[in-house]
Amino acid sequence: MTAAGAGEAGDVRAALVRLRRATGLPVAFGGLVDTDAGGVPRLRIRELSGTGTHALSGLGIGTGHGLGGKALALARPCAVTDYSSSRHISHEYDGAVAAEGLRAVLAVPVVVRRRVRGLLYGALRAPQPLGDRVLAAAVAAARDVEQALVARDEARAVAAAARDAAAGPGPAAWERVREAHGALRALAARTADPALRAELLAVCTTLTSAGATAPASAGVPAPTSVDATPLASAGTTPAVPLAPREVDVLACVALGATNTAAAERLGLRPETVKGYLRSAMRKLGAHTRWEAVVAARRAGVLP
């Protein structure tokens with residue numbers, strides 16, 4: 001397990017801001033699971049929003065310890081009305097919590113593929129119940145982080161697949177790259193974070209460029225424009241520009257998705273997908289879905 005990257009930390013930071021804005025809670029903090037000096041996976045609080053001290057900064061949370069450790073162990077949200085007097089949690093972190101003056105605290109785990117990857121906390125400086133509205137907002141913020149982490153995991157996997165395919169490419173390797181490219185386009189289309197979307201699309205562009213420069217042994221056709229004129233380089237603009245959504249739909253079609261399946265992956269209506277596909281086919285001079293995919297690959301739009 002590796003330490004959380006800057007992008008992932010930014011995902012947590014943005015979620016904490018949204019959490020405070022949605023709930024009105026004065027304090028929010030959290031962090032992701034990383035590896036300590038001894039090589040042991042541990043959740044460490046690194047992101048603070050609305051705090052008045054640094055008492056919580058860098059605090060390592062052990063599974064089962066305190067409110068956050070309980071949420072880690074159970075993989076579900078936990079809350080207390082008055083942290084210091086609660087009988088339902090252990091009290092290893094009372095000093096840091098008291099130094100910040102926190103009383104009512106909520107902890108929500110960030111769970112990706114059944115593994116807890118982080119925690120988001122919200123807190124009041126008064127002992128009062130945190131209602132369902134606050135809980136719902138905190139869970140929504142955690143889901144945002146989960147989606148971002150899934151997207152970043154996919155991006156790393158795709159980048160690794162692209163490197164492997166470039167090092168020793170073959171048709172099977174490039175099919176895996178194409179599958180990952182389609183998954184990333186779908187993730188980018190669904191994410192609400194513009195910075196993350198831009199990162200995902202940048203990886204997609206890298207994959208497309210890798211396909212354009214792949215040797216013949218890779219089984220990837222040399223990129224040409226739709227009229228079969230060779231492109232000058234991998235970075236050359238395709239002869240027929242496609243809208244981003246048209247590329248998204250073609251990436252799904254390239255994986256064999258029906259209009260309905262593509263709509264589910266992209267968060268669109270099937271009729272909308274059909275419209276984008278029809279437009280892309282017209283621009284590419286294609287008469288069938290598969291002709292459109294082949295033309296898009298030749299134009300350097302798809303890997």
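The values are calculated or read from the model by the stated rules, or taken from the named source; none is laboratory data. The shown structure was predicted, so the numbers you read here are calculated from the model rather than taken from an experiment. Positions of Cβ are generated from backbone atoms using ideal geometry, with glycine treated the same way; all protein chains shown enter the neighbour counts.
The residue pairs whose first member lies in the stretch 1-17 and is modelled with pLDDT of 70 or more, whose second member is of a type in the set (S, T, N, Q), and whose beta carbons are closer than 7 Å, counting only pairs six or more residues apart or on different chains, are L16/S49; V17/S49.
Screening R176 against (1) of a type in the set (K, R); (2) modelled with pLDDT of 80 or more; (3) under 14 Å from L255 (Cβ atoms) leaves a single unmet condition, (2).
Yes/no per residue for (1) touching a residue at least 60 places away in the same chain (Cβ under 8 Å); (2) in the same structural domain as L120 (by TED's automatic domain parsing); (3) of a type in the set (S, T, N, Q); (4) under 24 Å from G131 (Cα atoms):
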{"residue": "G30", "(1), (2), (3), (4)": "yes, yes, no, yes"}
{"residue": "R46", "(1), (2), (3), (4)": "no, yes, no, no"}
{"residue": "T53", "(1), (2), (3), (4)": "no, yes, yes, no"}
{"residue": "S57", "(1), (2), (3), (4)": "no, yes, yes, no"}
{"residue": "R87", "(1), (2), (3), (4)": "no, yes, no, yes"}
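Of the residues making up the stretch 110-159, those that are in a strand (DSSP E or B) and either surrounded by 15 or more Cβ atoms within 10 Å (Cβ to Cβ) or in contact with a strand residue (DSSP E or B) (Cβ under 8 Å, 6 or more places away or on another chain) (or both) are V110, V111, V112, V116, R117, G118, L119, L120, Y121, G122, A123. Of the residues making up the stretch 261-303, just one is among the hydroxyl-bearing types (S, T, Y) and part of a loop (DSSP other than H, G, I, E, B), namely T288. Any residue at all in the stretch 98-106 that's surrounded by fewer than 21 Cβ atoms within 10 Å (Cβ to Cβ) and free of Cβ contacts under 8 Å to residues at least 24 places away in the same chain? Yes. Taken over the stretch 255-268, the criterion of being surrounded by 23 or more Cβ atoms within 10 Å (Cβ to Cβ) and closer than 15 Å to V294 by Cα is satisfied by no residue. Of note, S90 satisfies the criterion of being modelled with pLDDT of 95 or more, more than 23 Å from R20 (Cβ to Cβ) and among the hydroxyl-bearing types (S, T, Y). The condition of being in a loop (DSSP other than H, G, I, E, B) and either at pLDDT below 95 or closer than 22 Å to R152 by Cα (or both) holds for only one of G38, G31, that being G38. When we screen G182, G68 for residues that are within 29 Å of E264 (Cα to Cα) and surrounded by 23 or more Cβ atoms within 10 Å (Cβ to Cβ), the only hit is G182.
Whether any residue in the stretch 55-75 is under 16 Å from L19 (Cα atoms) and either modelled with pLDDT of 95 or more or hydroxyl-bearing (S, T, Y) (or both) is what I want to check. No: zero hits. Annotation note: of A218, A210, A280, A296, the sole residue that is modelled with pLDDT under 80, among the aliphatic types (A, V, I, L, M) and buried (at least 23 other Cβ atoms within 10 Å of the Cβ) is A210. Apart from one condition, A192 fits all of (1) hydrophobic (A, V, I, L, M, F, W, C); (2) assigned to a helix (DSSP H, G or I); (3) at pLDDT 70 or above; the exception is (2).
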